[in-house]
Amino acid sequence: MIAIADTLYLNGRFTTLDKQNPQANAVAIADGKFIAVGDAAEVHRHMGSNTKVIDLKGRAAIPGLHDSHTHLIRAGLNYTMELRWDGVPSLADAMRMLKEQVARTPAPQWVRVVGGFTEHQFAEKRLPTLAEINAAAPDTPVFILHLYDRALLNGAALRAVGYTKDTPSPPGGEIERDKQGNPTGLLLAKPNAMILYATLAKGPKLDPDAQEISTRLFMRELNRLGITSVIDAGGGFQNYPDDYRIIEKLQKADELTVRIAYNLFTQRPKQEVEDFQTWSDLLPPLSGDAMYRHNGAGEMLVFSAADFEDFREPRPTPVDSMEDELERVVRLLVEKRWPFRLHATYDETISRALDTFERVNRDIPFNNLHWFFDHAETISPQNIDRVRALGGGIAIQHRMAYQGEYFIERYGSQKAAHSPPVRRMLDAGIPVGGGTDATRVASYNPWVSLAWMITGRTVGGTNLYQSDNLLDRETALRLWTTGSAWFSNADGRQGQIKAGQLADFIVPSADLFAIPEMDIASLVSHLTVVGGKVVHGDDVFSDLAPPMPQAANDWAPTNVFGGYWREPPVQKNKTGHLQKPVQHANCCAKPCQVHGHGHTSSWLNPVPVSDEKSFWGALGCGCWL
């Protein structure tokens, strides 16, 4: 008997990532899964009297994007309180946004810019000064987090958190002081980011109802960028189960628009085993459903193993107790058959962790238990082989796209050329998943990650990699789809447009396989489908979009600026000729003579626009000014 579809999507150009059926024109979906993938005639066999039909209008479609390392649950609780500088092209533009937000933010709320950007993305190539921040906001507290290396607080924020000349700097952190010993407003990770976490945690929070709407809006922002699934890596000050109640309420109400597999992150130094013992007694491994499911432990397993990725600071050496503490936790997890992940930036930390894992495996075999390292920027070929031998994987993120310049300053361009060594990982045959590590140390935009993998360039335009560490477009897309599925223990169930798999796909704003490399980072999704249901629609599919919730806090920065910076569309004048886009709320005050406000394409182009002898430079390009 032929299954009847809930929905047919016709007249598309599907890249399926199924090697047996790489291209298709139509799909049929029933009960949240693809039941047919092929041509229109094949799919029409599943048509019923109540089947909905959607015309994709000849657009290219690809599997939904799957972020293997992000912090959606924490970010969702705060999204509508945050002013996002992700993708903002100039400091002048960022400061104008800040000043506008200060004017609409009521006491006792703060204006907070919580990561997702780097000074290198700005045309001015610098951060704001404390004087500039204080001038823009003399009375409203302002907290600006730059990656995980520093935070900038204005005078009002210092008063709000109670930092004075008598406040000591915590271990691994520094409160900068003036000649009189008073805090200046600059907080530095040295390299421990706890001072940054702890200070941010002192700010006001949204009430539960507002957090619920905030989380829904953040998921819709991810849908707008083509994300259909994530693995949530926990995070500092994200306690289970208290800080998971909002996301679980949304799951029970069937209001999730992103699939979430979540890992649990220990919160208590020296009591990590107790945390995981309690949680493993409470949660069977991988419990949940296809929309919301437990995924194991990590990324923090023990605090003694943390090697913070502040490339402005020397490499930290984990304390001598790391191995003993890590072994106790990993033994428990393997016994309980809990998958696990471990934050590890440097090869030195990875070597010590692998010593521990191998010792546990000799006593309690891993036996195909999914485990993996996160980040692994400097992992050696020898340790890649050890990961493979233990059946592990490596989840990579585009942190180097935001910190590559700092890495080169400390370690040199030769070391940076294989940090992380993505091609070596793939050649070794180990699972590799793509991700962002959003929303603080990098942006949540998946297209920035894909552009970084394909072009080898930072968001500031620095070339990091040569051809031996670049990925072709299909391979990069596989890391963000089938690759990430392994890390959520969903390999074979999602990541391809294939009969029997979860029906998640997107229609990007342009064909990933046809556009110039410089345009990849500017892509968004015009149609996002999760489990066969439309969760985002724009452009010609805007009439399919479900209603957008409104932020409960009417002063929300997202009400005005949205999330990731949106480049204004190219417009035509009355004669049909292209003209420079008009300035809008999220663009800069000074358009380039060549590109107008369309700076992104020039920044990601290999031609050095700041060189007066180059093509664009000779024409007077001002995208770097």
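The figures follow:
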{"quantity": "Ordering of 8-21, 235-248 by packing [mean C-beta count within 10 Å, highest first]", "calculated": "8-21, 235-248"}
{"quantity": "Dipole magnitude of the chain about its Cα centre (Cβ charges: Lys, Arg +1; Asp, Glu -1), debye to nearest 20", "calculated": "920"}
{"quantity": "Sorted peptide list for 362-369, 313-320, 31-38, criterion being average Cβ within 10 angstrom, highest first", "calculated": "31-38, 313-320, 362-369"}
{"quantity": "Spatially near lysine pairs across segment 186-290, Cα under 30 Å, sequence gap of 8 or more or different chains", "calculated": "8"}
{"quantity": "Considering only segment 1-154, percent of DSSP beta bridges that pair antiparallel, nearest 5", "calculated": "55"}
{"quantity": "Qualifying trypsin sites (Lys or Arg not before Pro) in segment 109-211, DSSP loop, other Cβ atoms within 10 Å at most 15", "calculated": "125, 126, 165, 179, 202, 205"}
{"quantity": "Loop sites in segment 350-423: GluC sites (Glu not before Pro), DSSP, at most 10 other Cβ within 10 Å", "calculated": "none"}
{"quantity": "Sorted peptide list for 540-546, 83-89, criterion being average Cβ within 10 angstrom, highest first", "calculated": "83-89, 540-546"}
{"quantity": "Relative contact order of the chain, pairs being alpha-carbon contacts under 8 Å that are 6 or more residues apart, as %", "calculated": "17"}
{"quantity": "Those aspartates and glutamates that a straight Cα-Cα span of less than 18 Å connects to residue 533, excepting residues fewer than 8 apart in one chain", "calculated": "6, 31, 55, 221, 254, 255, 289, 504, 543"}
{"quantity": "Computed [θ] at 222 nm, helices only, for the chain once each DSSP H run of length n ≥ 4 contributes -39500 (n - 2.57)", "calculated": "-8000 deg cm²/dmol"}
{"quantity": "Given charges at Cβ of Lys, Arg, Asp, Glu: the chain dipole, positive-most of 455, 9, 494", "calculated": "9"}
{"quantity": "From phi via Karplus (6.51, -1.76, 1.60), per-residue ³J(HN,Hα) for segment 142-157 in Hz, x at Gly/Pro", "calculated": "10, 10, 10, 9, 9, 6, 10, 9, 6, 9, 10, 10, 7, x, 5, 5"}
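Each value in this text was obtained by applying a stated rule to the coordinates, not by laboratory testing. What you are looking at is a predicted structure, and each value in this text was computed from that prediction instead of being measured. Cβ coordinates were reconstructed from backbone atoms using ideal geometry, including for glycine residues, and neighbour counts include every protein chain displayed.
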